[in-house]
Structure formats: C-alpha cells, structure tokens
Amino acid sequence: MRARGYLVWTDDFRAASRPKMTEKRQFRAIKGTRDILPPDSALWNWVEQTAREVFETYGFRDIRLPIFEETELFARSIGGESDIVFKEMFSFLESRAIELPQSPSIGRILQLAELVNGAWERGEIPKTARNEAEFGRLSHAHQQLQSGPFVPLAAMTAPNRDGLETAVQLLATILDSAGELGVQTSLRPEATAGSVRAYIEHGMHALPGNVKLYYTGPMFRRERPQKGRYRQFYQIGAEVLGPSDAPAIDAEILEMLLVFFARVGLTKTTLYVNSIGCKACRPKYVELLREELRKVKDQLGPDSQRRIETNALRVLDSKLPHEQPIIETLPRISGHLCPACSEHFSKLKDELKLRNLAYQENWRLVRGLDYYTRTTFEVTAEGLGSQNAVCGGGRYDGLVELLGGQPGVKGIGFAIGTDRAILSIQESGNLPRLPGLAVFVAWMGAKAYPVAVSIARKLRNRGFAVELPPEELKFKKSLGLADKLGARYALIIGEDEAASGTYTLKRLADAEQKKLSETDLLEHLESERRGPHA
Ligand code: HAM
C-alpha cells in the first residue's frame with residue numbers, strides 16, 4: 001500500500017509483464033466470496049421478500065445505501081480499535097487529491113510539495129485524520145529537504161552519500177504521501193454507519209416521529225473464511241432513529257425480528273439480551289474491569305492481554321476455553337449500571353414479557369462495535385457450528401451526534417446475517433415450497449409455433465412461469481425436457497391442436513391429460529394456482 005507513490009513505475013512494470021490476453025485460463029470466485037445460484041437464489045429472494053413484508057407491517061421503509069463510504073466514517077462509528085476497522089476492511093483511495101508527476105524528477109517532486117501545501121491551505125484536500133497524518137509527513141519531509149545539511153540539492157555531490165540517501169528518502173516520502181492524499185474509502189463492513197450518515201446528510205431528524213429504515217445487501221469483511229463466515233456476506237438490517245429511546249422501541253424491533261424468523265421457519269433460535277450501560281456508567285465499570293483483568297493478566301492469552309488496555313469489554317467476548325473460568329469471576333456490568341440504564345433495562349425485560357418473547361440474559365454480550373450503548377442483543381440459531389449468531393444489534397444513542405448530526409437523536413437496530421439464516425433454514429430441512437416452472441409449451445410443427453408464442457405470452461401476463469423452446473423438439477424430447485426442468489404442466493400444441501384451437505394440458509406428476517379451449521385452459525391453471533397444491 002505504502003508504495004502507492006510509485007504507481008507510475010509499478011504500472012509500467014505490470015504492463016511489461018502482463019500475460020497475453022489470449023492465454024487460456026479459468027477464473028474462480030475470490031476467496032471468501034461465492035456465487036448464489038438457482039435454485040438457492042429463489043430461497044434467498046423469498047427470505048429477503050419476507051423480511052420486506054414483515055418489516056413494512058411495522059412501518060419500516062427501504063433505504064439503499066452506497067456499497068463504499070469514507071473509511072473514517074467506519075473508524076469513527078465502529079471504532080478504530082475494533083477488529084472490523086483495525087484489520088478487516090477492504091480499503092482503497094477513491095479520489096486522489098493531487099495528480100502525481102509522470103516522470104518524478106527532483107524538481108517535479110519539490111513542485112509537487114508546493115502544490116500540496118497550497119491545496120491544503122486552500123482547504124481543497126479533505127481534512128480527514130488520515131490526510132492530516134500524510135500531510136504532516138509530507139510537510140516534515142519537505143521542510144527537512146529545504147533546511148537540512150544537504151542544501152542546496154542541486155549542489156549535492158557523490159561524496160556526500162549520506163546526505164544524498166537521506167534526500168532520496170525524503171523525496172520518496174513526499175511522493176508517497178502525496179499519493180496517499182485524497183478520500184480513503186472502504187467497502188462497507190456493515191450498514192449502520194452508512195444509515196446514520198444518510199440520516200444526517202438528508203436532515204431526516206426533521207421527519208415526524210421515529211425514522212424506521214431497513215436494508216438488504218452485501219457487506220465486506222476480510223475475515224478468515226469458514227462455514228457461515230465469508231468476506232462478502234449479506235445482511236438484512238433495520239434501524240430506528242429519532243428522539244425517543246423508549247424500551248418499547250427495543251422490544252418492538254425484537255418482536256419484529258422474531259416474527260420474521262418464525263415466518264421463514266427459523267424457530268430454533270435463542271435471543272440473548274444485555275445492557276452495556278451509557279457514557280455515565282460504563283467508563284467506571286470498564287475501569288473496574290480493567291483493574292481486575294490486570295490482576296489476572298498472566299493467565300490470559302495475547303489477544304485478551306492486549307484488549308485489557310485497548311478495549312477491556314471485549315475480553316468478555318473471548319471464546320478461549322482456558323479463559324472462561326477466569327471471566328466468570330469478573331465483575332458484571334448489571335451491578336454497575338446507573339439508575340437510568342438499570343431502569344431502561346428492566347423496562348425492556350417487562351416489555352419482552354408483555355410480548356411473550358422468550359429471551360436469556362447474557363452479561364457477556366458486549367458486541368464488537370464501539371457505537372453501542374445500553375441494550376445489546378444477539379440471536380443464535382441451530383445447525384451453524386461455531387458461527388451461530390444469525391443476528392446482532394443494539395442501541396447506539398450517541399452515534400448521530402458523534403457523526404456530526406443533531407444532538408439528542410437516539411438509535412437502535414439490528415442486522416441479520418442472511419447467509420447464516422439461509423444456511424440454518426437449509427440445515428433444518430424446513431424449506432418452503434417455492435413456485436417453479438408452471439408450464440412447458442411443447443409445440444410441434446410450423447403451424448403450432450405462432451399459437452405457442454401467443455399462449456406463452458398470455459400465460460406469462462397472468463404471472464405463470466412458462467418455458468417456450470426456441471426450436472422445435474421431437475415430442476418425447478420435449479416432454480423429457482419439461483420433466484427435467486421441473487415443470488408442473490406440459491402444454492402440448494401440435495398441428496391438430498393448432499387447427500382446432502384447443503390445447504392438450506398434461507400434468508407431469510401423474511400424467512393426467514385434458515383437452516381444453518383457451519378459456520378453459522386459463523381458468524384451469526388459475527384455479528390450480530389458487531388451490532391447495534398451488
Ligand atoms: P454484527 O454483529 O457485526 O452487527 O453483524 C450482524 C450479523 O451479520 C452477525 O450476527 C452475522 O450473522 C452476520 N455476519 C457478520 N460477519 C459475517 C461474515 N463475515 N460472514 C457471514 N455473516 C456475517 C452489525 O453489523 C451491526 N451493524 C448490527 C446493527 C444494526 N447494530 C445496530 N444496528
């Protein structure tokens with residue numbers, strides 16, 4: 001990445017060594033990504049469509065967000081120390097602030113430094129933390145070049161080797177840093193940050209009541225792929241943003257979530273809830289936790305040891321077997337919530353009972369994203385092995401303000417891992433009967449073809465899935481193909497049928513055959529669709 005300043009040279013090298021485009025090779029999907037093929041894709045569509053239908057009955061509306069956003073948006077909201085931001089994002093420089101010189105001579109690099117200085121002062125380069133750091137490096141190198149012992153550059157001679165090497169390094173730093181200046185972006189690892197950004201950008205706080213949004217789509221995290229864990233994965237998420245943080249909002253989205261899971265046949269799920277406190281009470285608890293953790297530091301693994309100082313709460317997330325008995329002895333947040341958080345949590349539990357939603361309290365549920373306050377929750381499902389969380393979420397009351405929005409706006413939401421939800425449905429064998437191909441038009445003879453084209457369109461207009469072979473097939477081959485494609489009916493149109501204006505409809509499951517007029521045919525198929533076997 002740091003070598004970006006040398007892009008020009010690297011590209012030349014690449015061009016020279018590029019394999020011949022005519023060379024034969026097969027491509028495969030990138031590690032951690034996969035194709036979702038039919039018939040699985042039908043199950044995916046059904047799951048996503050069911051989410052839309054359920055969520056809309058709760059007043060949620062679809063939001064479509066960009067797939068990439070400024071890296072800093074994710075760093076600020078999810079947390080720079082979180083695994084997601086620290087090591088899992090796919091990042092790239094989306095727009096360079098300054099064009100790099102084509103042939104980077106000393107003079108042109110110095111000119112470049114002047115150019116960057118000017119652009120920075122005029123505010124033409126976005127003042128992101130990353131740009132600040134790069135600009136700092138560049139200015140420092142530039143100043144050193146101007147004031148160092150090796151001035152003037154033009155007078156530098158071979159015997160002055162040390163000075164020359166330093167100068168070359170400083171020039172390389174200028175080039176490198178200038179190459180890094182611009183808008184650093186990342187593929188979204190999740191969509192809460194983007195939703196909040198959109199909420200602020202479009203002044204949605206001015207909308208009446210709470211704003212309820214849902215989204216579906218791909219997210220990207222550079223994790224080690226395994227069953228249920230991918231680098232491109234999908235989420236179905238929902239967010240509520242607005243002035244109220246009533247526990248009934250938390251309970252209602254949990255109700256909606258569990259209604260959705262029941263609707264798609266995911267019944268063997270467990271809902272875990274917790275409260276991780278707020279700005280007032282959590283820091284004191286974290287300090288206490290840290291003190292206790294320091295006492296047992298030697299018994300912890302390297303990750304937990306590091307987290308004691310960087311993010312002590314995350315130690316509670318550890319799955320390492322030898323750390324479990326130690327964690328069990330640590331102080332629990334429930335005993336350290338401030339009165340307001342404690343009341344919020346107990347009201348949430350009352351609300352869950354009111355709605356008959358079964359849940360388990362899990363004091364270790366801290367979640368890996370920094371924006372959470374108070375309520376956190378997760379749902380696990382069966383058949384998924386170690387990656388058994390199908391949904392995670394919680395409250396993020398300070399996030400809108402943190403990202404420069406209206407103070408006092410509250411937020412709560414969740415995201416379902418679509419891949420995992422679908423895996424779990426498939427493992428349970430509780431699959432829905434999704435409509436497949438309804439009618440295969442088996443036409444034979446030139447006279448039958450126009451009739452076939454016309455009836456295929458009429459059936460499709462009525463919403464039936466119809467396969468019309470583009471070329472004439474022998475009768476046996478036609479019916480064989482209809483069978484292989486899983487059609488429910490073959491609609492046979494030969495020269496006889498074409499002449500008499502009738503159709504022969506054959507039900508493939510039991511070979512029952514009927515000769516029908518067009519009106520009767522349409523009526524028959526419609527009634528079959530409405531019937532118990534539809
Ligand atoms: P999260 O817990 O990071 O939360 O992700 C939510 C769900 O996405 C997980 O429970 C899991 O099912 C799925 N998931 C995460 N990473 C992967 C992966 N690499 N492969 C497959 N599935 C994965 C969030 O993303 C928050 N934005 C949720 C939220 C919304 N909180 C408030 N609002």
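The values are calculated or read from the model by the stated rules, or taken from the named source; none is laboratory data. Because the structure is predicted, anything quoted here is derived from the model rather than measured. Cβ coordinates were reconstructed from backbone atoms using ideal geometry, including for glycine residues, and neighbour counts include every protein chain displayed. When the accessible area is computed, the model is the full protein with side chains, heavy atoms only, and any ligands, DNA or RNA have been set aside. Shrake-Rupley method; radii C 1.70, N 1.55, O 1.52, S 1.80 Å.
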Output yes when any residue across segment 175-192 is under 15 Å from the mean Cα position of the chain (by Cα) and in a helix (DSSP H, G or I), and no when none is. yes
Of 263, 224, the only residue that is open to solvent by 30 Å² or more (accessible area, probe 1.4 Å), out of contact with any helix residue (DSSP H, G or I) (no Cβ under 7 Å at 6 or more places or on another chain) and modelled with pLDDT of 95 or more is 224
Taking first residues from segment 121-142 that are modelled with pLDDT of 90 or more and second residues anywhere that are crowded, with 19+ Cβ neighbours inside 10 Å and among the charged types (D, E, K, R), the pairs with Cβ under 6 Å that are 6 or more apart or on different chains are 134/180
Would you check if residue 181 is over 18 Å from residue 404 (Cα atoms) and open to solvent by 10 Å² or more (accessible area, probe 1.4 Å)? no
Which residue is surrounded by the fewest Cβ atoms within 10 Å (Cβ to Cβ), if the candidates are limited to segment 407-422 and must be more than 16 Å from residue 260 (Cα to Cα) and touching a residue at least 24 places away in the same chain (Cβ under 8 Å)? 408
Can you find, within segment 339-356, the residue that is nearest to the ligand (Cβ to nearest atom) among those that are closer than 21 Å to residue 256 by Cβ and of a type in the set (Asp, Glu)? 351
Exception for residue 455 within (1) more than 41 Å from the chain's Cα centre (by Cα); (2) open to solvent by 10 Å² or more (accessible area, probe 1.4 Å) falls at (2)
In segment 297-312, how many are in contact with a Leu (Cβ under 7 Å, 6 or more places away or on another chain) and assigned to a helix (DSSP H, G or I)? 2
Give the number of residues within segment 313-333 that are exposed (fewer than 15 other Cβ atoms within 10 Å of the Cβ), over 30 Å from the mean Cα position of the chain (by Cα) and outside any helix (DSSP H, G or I). 3
Among the residues of segment 230-246, the number that are open to solvent by 40 Å² or more (accessible area, probe 1.4 Å), within 10 Å of the ligand (Cβ to nearest atom) and not polar (S, T, N, Q) is 2
Verdict on residue 280 being open to solvent by 70 Å² or more (accessible area, probe 1.4 Å) and outside any helix (DSSP H, G or I): no
Looking at segment 357-371, which of the residues that are in contact with a helix residue (DSSP H, G or I) (Cβ under 9 Å, 6 or more places away or on another chain) and open to solvent by 50 Å² or more (accessible area, probe 1.4 Å) is nearest to the ligand (Cβ to nearest atom)? 370
Given the conditions (1) more than 10 Å from the ligand (Cβ to nearest atom); (2) within 23 Å of the chain's Cα centre (by Cα), every one holds for residue 285 apart from (2)
Within segment 239-256, is there a residue that is part of a strand (DSSP E or B) and over 22 Å from residue 79 (Cβ atoms)? yes
For segment 372-386, which positions are of a type in the set (Asp, Glu) and either open to solvent by less than 30 Å² (accessible area, probe 1.4 Å) or within 9 Å of the ligand (Cβ to nearest atom) (or both)? 378
Output yes when any residue across segment 387-397 is over 25 Å from residue 352 (Cα atoms), surrounded by fewer than 17 Cβ atoms within 10 Å (Cβ to Cβ) and not hydrophobic (A, V, I, L, M, F, W, C), and no when none is. no
Quick one: how many residues across segment 206-217 are surrounded by fewer than 17 Cβ atoms within 10 Å (Cβ to Cβ) and either in contact with a Phe, Trp or Tyr (Cβ under 8 Å, 6 or more places away or on another chain) or among the small types (Gly, Ala, Ser) (or both)? 3
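Conditions tested, residue by residue: (1) modelled with pLDDT of 95 or more; (2) hydroxyl-bearing (Ser, Thr, Tyr); (3) within 16 Å of the ligand (Cβ to nearest atom); (4) within 30 Å of residue 376 (Cβ to Cβ).
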position	(1), (2), (3), (4)
410	yes, no, yes, yes
414	yes, no, yes, yes
418	yes, yes, yes, yes
423	yes, no, yes, yes
427	no, no, yes, yes
438	yes, no, no, no
443	yes, no, no, no
453	yes, no, no, no
467	yes, no, no, no
Can you pull out every residue in segment 471-515 that is over 23 Å from residue 446 (Cβ atoms) and open to solvent by less than 60 Å² (accessible area, probe 1.4 Å)? 486, 487, 489, 508, 511
The one condition in (1) under 20 Å from residue 389 (Cβ atoms); (2) in a helix (DSSP H, G or I) that residue 288 fails to fulfil: (1)
Being open to solvent by less than 20 Å² (accessible area, probe 1.4 Å) and either under 23 Å from residue 398 (Cβ atoms) or modelled with pLDDT under 95 (or both) is the filter here, so list the residues in segment 336-356 that pass it. 341, 344, 345, 348
Looking only at segment 469-515, which residues are part of a strand (DSSP E or B), of a type in the set (D, E, K, R) and within 46 Å of the chain's Cα centre (by Cα)? 506, 507
